[in-house]
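> Dropping a structure here in structure tokens format, bear with me for questions.
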Amino acid sequence: MEIPSKFDSRQVESKWYAFWQENEYFKSVPDDREPYTIVIPPPNVTGVLHMGHMLNNSLQDIIIRRARMRGFNACWVPGTDHASIATEAKVVAKLKEDGIEKSSLSREAFLEHAWDWTHEYGGVILEQLKKLGCSCDWDRTKFTLDPEMSESVLRVFIDLHNKGLIYRGFRMVNWDPEAQTTLSDEEVIYEEKSGNLYHIAYQVEGSNGRVIIATTRPETLLGDTAVCINPEDERYHGLKGKRLIVPIANRSIPIIEDEYVAMDFGTGCLKVTPAHDLNDKALGEKHNLDVIDIFNADATLNEHGLEFEGLDRFVARKKIVKALDALGVLVKTELHVHKVGTSERTKAVIEPRLSDQWFLKMEQLAQPAIEAVLHSDEIALLPEKFKNTYRHWMENIRDWNISRQLWWGQRIPAYYYGSGKDDFVVTLTPEEAIDAAQKKSGNTSLTKADLQQDEDVLDTWFSSWLWPISVFDGIRNPENEEVNYYYPTQDLVTGPDILFFWVARMIISGYEFRKEKPFSKVYLTGLVRDEKGRKMSKQLGNSPDALKLIESYGADAVRVGLMLSSAAGNDLLFDENLCQQGKNFANKIWNAYRLIDGWEIEKTIKPSVAADEALDWYENHFNKTIQWVDENFEKHRISDALMTTYKLIWDDFCSWLLELAKPAYGKPIDAETHARIIRLFENNLRLLHPFMPFLTEELWHYISEREVNQALTVSSWPEALSFDNGLITDFEITKEIVAGIRNFRKDKNISFKEKITVYVTNSEKELPYQASIVKLGMLDEIIYSQAPEKINGGSFRVSKVEFFIPTLAPEDPEAEKEKLQAELKYTQGFLASVEKKLANERFVANAPEQVIAIERKKASDAEEKITMLQKSLSLL
RNA sequence: GGGUGUUUAGCUCAGUUGGUUUAGAGCGCUACCUUGACAGGGUAGAGGUCAUAGGUUCGAAUCCUAUAACACCCACCA
């Protein structure tokens with residue numbers, strides 16, 4: 001087959017992806033091989049591929065492809081997440097554009113819109129993963145809202161409820177007034193904002209005295225039910241037991257004492273609003289205070305807002321400040337920088353709010369997950385530094401608020417039959433609920449119409465924490481063949497930003513529902529940042545279009561670009577130049593094959609000595625390199641594994657081996673050399689395939705016609721054979737000698753095409769790889785003796801061997817002398833440092849033998865070299 | 001405020017449990033080469049007092065202490 005002069009990534013990529021799929025190479029069913037399983041971190045169903053996904057999924061693909069080649073039954077399960085808040089927000093926004101308010105729709109009608117949206121945009125991201133080359137078993141694609149997946153979630157809810165671990169509580173939660181939903185602590189982002197600290201005077205009841213309190217939220221004074229001072233605070237001892245009048249509201253509230261109040265902040269007097277602040281709520285409970293909630297769900301003021309009723313909280317704040325000022329009780333206003341919680345999704349300022357929520361008790365559940373990561377090392381976090389973060393979170397774990405005031409998600413399977421606190425049942429279906437409710441209430445006349453299902457849905461993470469189990473149906477059918485075979489999985493690859501949201505909770509659920517870890521290794525990638533170090537985000541518009549990158553550079557190139565600088569766990573500063581580097585690499589390999597392919601093969605000629613030398617060396621070097629690459633993979637140092645392979649192919653294979661094995665221009669190559677080169681080239685492709693699947697598969701089929709089951713994707717990973725290290729280290733010297741000759745030519749302005757003779761002046765022993773030196777140095781011959789006298793020329797040295805090269809032009813003895821003297825000076829300096837070490841008695845007494853032997857060798861080598869240099873100098 | 005981590009060449013990073021010459025790689029840079037696989041290429045070169053100050057040791061980029069800058073996580077004092 002004629003090979004085109006350019007590698008056309010677009011055409012090649014779609015061709016081979018289709019081929020792989022047609023032949024079901026990525027499909028996995030349980031068999032007698034050992035499984036290697038990865039479950040994908042499910043991206044948002046309506047999301048589009050961004051750089052983080054590219055990094056993440058390239059890594060997973062590299063790992064799973066290598067596992068497949070190593071003979072494991074490789075199974076990579078893809079899927080998507082319903083992402084309740086994010087998706088619902090998108091649907092609401094879309095409806096708004098069409099002039100439809102969510103509040104005007106029934107739950108059913110809204111869900112219909114949401115499903116339409118999901119069907120329209122859902123799965124786009126999975127198609128994009130195919131473009132990247134991801135070798136997922138697409139027949140296994142799951143969606144967290146699939147009926148079976150949802151059923152698993154509900155069963156888990158019921159199970160945990162029956163175990164007494166799920167409870168309802170009236171709690172202070174993070175309320176997003178825009179989305180009108182609760183957010184978990186993890187979904188709140190604290191932003192530093194500059195605001196005002198208002199100092200407001202409260203009148204002491206029954207006297208003319210005033211007390212100044214400081215607050216950043218003056219509007220909440222309408223909900224004040226106490227003012228608190230520190231009992232140690234002597235300034236306020238006179239106030240103990242008195243009451244104050246809240247301005248505007250004109251309510252009387254008590255002064256309470258608690259050590260919680262800091263004496264050195266503000267005025268030392270704290271207004272207490274139990275309905276609108278977590279700490280105030282705690283104080284309120286401790287001191288039995290009333291709770292006055294002044295907000296509606298959308299954070300406008302309610303009837304407690306008096307004349308400000310109906311105003312938005314921020315509008316009300318301004319008006320109230322004005323009103324306070326008018327009353328003469330606004331003592332002063334100072335600038336104050338503080339952190340304000342905002343919603344990760346809507347950016348709205350979070351309102352702490354008391355409401356009825358469902359919670360999952362975490363402390364007991366977390367114990368096995370703590371043990372597995374921190375003590376038994378059943379699960380490894382890579383890099384290890386995340387262990388500390390994990391420990392900190394797990395040991396201070398708080399109950400998980402699992403209810404969300406949304407419609408898009410699994411609706412909480414609790415059915416209320418009365419208004420009492422416990423008048424509800426938790427069942428899988430509404431039908432079961434009737435039975436259960438009749439039993440629990442003792443009222444056998446209860447019908448479906450008497451039951452009211454909880455309006456809330458479950459937190460998205462409450463479905464994704466089951467992912468590694470539920471994708472194999474291990475919740476509903478815990479003994480099925482699939483889950484028993486594939487679970488626990490091997491690796492999880494994800495970002496450290498969801499270590500708590502997701503990773504920790506999967507570990508918890510794994511031990512709770514399967515009594516076993518969900519995965520052995522967690523590979524935490526860094527965040528992808530732009531070249532200025534900023535996090536890539538839509539808002540900044542600094543995230544390159546992932547698909548465009550693939551189109552312009554090719555998927556292989558983008559994968560290489562991402563891997564080249566993504567050291568484990570470190571953030572990745574993404575620069576498009578990296579993709580260019582990947583593309584250049586693809587081009588290099590392509591052209592290497594074009595060179596080999598272009599040779600005419602002649603069976604009757606014998607291999608050249610240089611080719612034999614080079615092939616022997618490369619075979620050994622290749623085996624050594626596989627070992628190193630394997631080691632890097634074991635340590636999950638994927639970028640090192642790639643860089644090692646990159647250098648192996650570019651430098652060792654192309655620059656050294658091919659240059660040495662290459663026949664003279666227009667001449668044929670002998671069949672044996674050709675066959676050996678092809679075999680080595682194939683092995684290179686195997687090593688490279690996980691990183692650059694498309695290019696390597698394409699070349700694999702150019703090399704020869706292959707049967708369907710002999711595609712590279714399903715071939716084997718090269719085995720690390722034994723090697724002769726001596727051959728490898730000798731060649732390093734050869735490289736230095738060749739470089740020395742090239743340098744000399746450049747120095748003396750001798751063309752690289754002009755043949756020269758080299759004298760080895762101080763050694764009778766033939767150099768290893770002599771034919772190679774002759775070929776790459778473009779030498780006539782190597783003569784092992786002093787150069788004849790009166791010949792002009794210069795010299796260079798590699799370790800202890802001196803090389804002399806004659807030159808036509810009379811040599812400038814001064815320049816040569818200078819060069820020698822510089823070299824001499826360096827070597828003497830070096831020797832001095834080594835001798836100083838050796839002269840130190842304590843060094844000789846304390847250092848291990850081996851180290852001393854090395855130092856002695858250094859010294860004697862240096863001495864020899866000095867002798868040689870001095871001799872050469874004296875000859876000049 | 002508490003914690004964790006980072007700081008090595010212009011840039012991005014290695015440096016494998018203190019001793020492989022007087023510290024490495026890739027990219028970038030500089031000079032030269034270039035009709036014979038590849039200019040998306042080749043050959044060579046320049047470039048670092050390993051953040052700073054102390055300490056431990058025969059020996060420190062590597063261990064300890066302090067300081068500084070940066071990053072992230074946790075908490076959230078009105």
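The values are calculated or read from the model by the stated rules, or taken from the named source; none is laboratory data. Just so you know, these numbers come straight off a predicted model, no measurement behind them. We place every Cβ from the backbone using ideal geometry, glycine too, and count neighbours over all the protein chains shown. Each accessible area value is taken on the protein alone, full model and side chains, heavy atoms only, with ligands, DNA and RNA left out. Shrake-Rupley method; radii C 1.70, N 1.55, O 1.52, S 1.80 Å.
> With a probe of 1.4 Å, find how much accessible area segment A:1-42 has per residue, and write the answer as a whole number in Å².
58
> Could you run the Karplus curve 6.51 cos²θ - 1.76 cosθ + 1.60 with θ = phi - 60° over segment A:575-592 and give me ³J(HN,Hα) per residue in whole Hz, x for Gly and Pro?
Values per residue, Gly and Pro as x: 9, 4, 4, 5, 5, 4, 4, x, 5, 4, 5, 4, 4, 4, 5, 4, 6, 4 Hz.
> With a Förster radius of 51 Å, plug the Cβ-Cβ distance of A:Arg529 and A:Leu873 into 1/(1 + (r/R0)^6) and report the FRET value to the nearest 0.05.
0.40
> Using +1 at the Cβ of each Lys and Arg and -1 at the Cβ of each Asp and Glu in chain A, identify which of A:Val760, A:Ala282, A:Val774 lies farthest towards the dipole's positive end.
Ranked along the dipole, the leading option is A:Val760.
> May I pose another question? Using the Karplus curve 6.51 cos²θ - 1.76 cosθ + 1.60 with θ = phi - 60°, work out ³J(HN,Hα) for each residue of segment A:49-56 in order, rounded to whole Hz, and write x for Gly and Pro.
Running phi through 6.51 cos²θ - 1.76 cosθ + 1.60 with θ = phi - 60° gives 4, 10, 4, x, 4, 4, 4, 4 Hz.
> Can you give the charge dipole size of chain A about its Cα centre, rounded to the nearest 20 debye, using +1 on the beta carbon of Lys and Arg and -1 on the beta carbon of Asp and Glu?
1820
> Which order do you get for A:Tyr390, A:Tyr121, A:Tyr826 if you rank them by accessible area with a 1.4 Å probe, largest at the top?
In descending accessible area the options line up as A:Tyr826, A:Tyr121, A:Tyr390.
> Ignoring ligands, DNA and RNA, what percent of the accessible area of chain A is carbon or sulfur (1.4 Å)?
The C+S portion of the solvent-accessible surface of chain A is 49 percent.
> Once Lys and Arg get +1 and Asp and Glu get -1 on their Cβ, which of A:Phe314, A:Thr346, A:Thr182 lies farthest toward the positive end of the dipole of chain A?
Of the candidates, A:Phe314 comes out farthest on the positive side.
> Please figure out what share of the DSSP beta bridges in chain A is antiparallel and state it in percent, rounded to the nearest 5.
Here the share of antiparallel DSSP bridges comes out near 70 percent.
> Once the whole set of protein chains is in place, how much accessible area is left on A:Arg210, using a 1.4 Å probe, in Å² to the nearest 10?
A:Arg210 has an accessible surface of roughly 130 Å² with all protein chains in place.
> Another question, then. How many angstrom separate the Cα center of segment A:659-690 from the Cα center of segment A:387-442?
66
> I would also like to ask the following. Over segment A:461-531, one equal point on each Cα, no solvent: what is log10 I(q)/I(0) by the Debye formula at q = 0.12 Å⁻¹?
For segment A:461-531, the Cα-only Debye profile gives -0.33.
> Related question: Mean residue ellipticity at 222 nm from the helices of chain A, using -39,500 (n - 2.57) per DSSP H segment of n ≥ 4 over the full residue count, to the nearest 500 deg cm²/dmol?
When only DSSP H runs of four or more count, the value is -13000 deg cm²/dmol.
> How much FRET efficiency would the formula 1/(1 + (r/R0)^6) give for A:Gln627 and A:Glu864, where r is the Cβ-Cβ distance and R0 is 35 Å, rounded to 0.05?
Once rounded, the FRET efficiency stands at 0.55.
> Along the charge dipole of chain A, Cβ charges K/R +1 and D/E -1, which of A:Gln786, A:Gly223, A:Ile213 sits furthest on the positive end?
After comparing all options, I get A:Gln786.
> Just to compare against my own numbers: the Cα pair-distance distribution for chain A, 20 Å bins, whole % per bin, please.
12, 31, 28, 18, 10, 1, 0
> Which order do A:Lys746, A:Lys339 take by accessible area at a 1.4 Å probe, largest first?
A:Lys746, A:Lys339
> May I ask you to derive the relative contact order of segment A:70-202, considering only C-alpha pairs under 8 Å and at least 6 residues apart, and to give it as an integer percent?
Here the relative contact order equals 29 percent.
> What does the accessible area per residue of segment A:90-196 come to in Å², with a 1.4 Å probe and no ligands, DNA or RNA counted?
48
> With just the Cα atoms defining each centre, how far is segment A:124-176 from segment A:325-362? Give it in Å.
Their Cα centres are 31 Å away from one another.
> Sticking with this structure for a sec: Could you work out the percent of alpha carbon pairs in segment A:1-138 separated by over 20 Å, rounded to a whole number?
Here the tail beyond 20 Å accounts for 58 percent of pairs.
> Averaged per residue, what accessible surface does segment A:272-422 expose to a 1.4 Å probe, in Å²?
Computed with neighbouring chains in place, this is 49 Å² per residue.
> I'd like the orientation of helix A:813-839 relative to chain A: the angle between its Cα long axis and the longest Cα principal axis, in ° from 0 to 90, rounded to 10.
60
> Continuing with this model, one more query. Just the accessible area for A:Asp597, please: 1.4 Å probe, Å², rounded to the nearest 10?
Roughly 60 Å² of A:Asp597 is accessible to a 1.4 Å probe.
> Another question, if that's okay. If ligands, DNA and RNA are left out, what is the accessible area of A:Lys90 with a 1.4 Å probe, given in Å² to the nearest 10?
70
> What is the angle, in °, between the Cα long axis of helix A:555-564 and the longest principal axis of the Cα atoms in chain A? Nearest 10 is fine, range 0 to 90.
Here the helix axis deviates by roughly 90 degrees.
> Tell me, in nm to one decimal, what length is gained between A:Arg476 and A:Asp812 on full extension, where the rule is 0.36 nm per residue of separation less the Cα-Cα distance?
112.1 nm
> For chain A, take the longest principal axis of its alpha carbons; what is the angle in degrees between that and the long axis of helix A:313-327, to the nearest 10 within 0 to 90?
For A:313-327 against chain A, the angle is about 60 degrees.
> For A:Asn484 and A:Lys332 in the same chain, what is the full-extension length gain: residue separation times 0.36 nm, less their Cα-Cα distance, in nm?
47.9 nm
> On to the next question. A 20 angstrom limit on the alpha carbon distance is what I want to check against. Which of A:Lys836/A:Lys858; A:Lys142/A:Lys163; A:Lys775/A:Lys865; A:Lys624/A:Lys765; A:Lys746/A:Lys775 exceed it?
Going by Cα-Cα distance, A:Lys142/A:Lys163; A:Lys775/A:Lys865; A:Lys624/A:Lys765 fall outside the 20 Å limit.
> Let me ask you something else. Provide A:Ser445, A:Ser207, A:Ser58 ordered by accessible surface of protein heavy atoms (probe 1.4 Å), highest first.
Highest to lowest solvent-accessible surface, that is A:Ser445, A:Ser207, A:Ser58.
> What is the gain in length, in nm to one decimal, between A:Glu551 and A:Asp290 on full extension, counting 0.36 nm per residue of separation less the C-alpha to C-alpha distance?
87.6 nm
> Please report how far the C-alpha centroid of segment A:606-626 lies from that of segment A:807-837, rounded to the nearest whole angstrom.
Computed from Cα coordinates, the inter-centre distance equals 35 Å.
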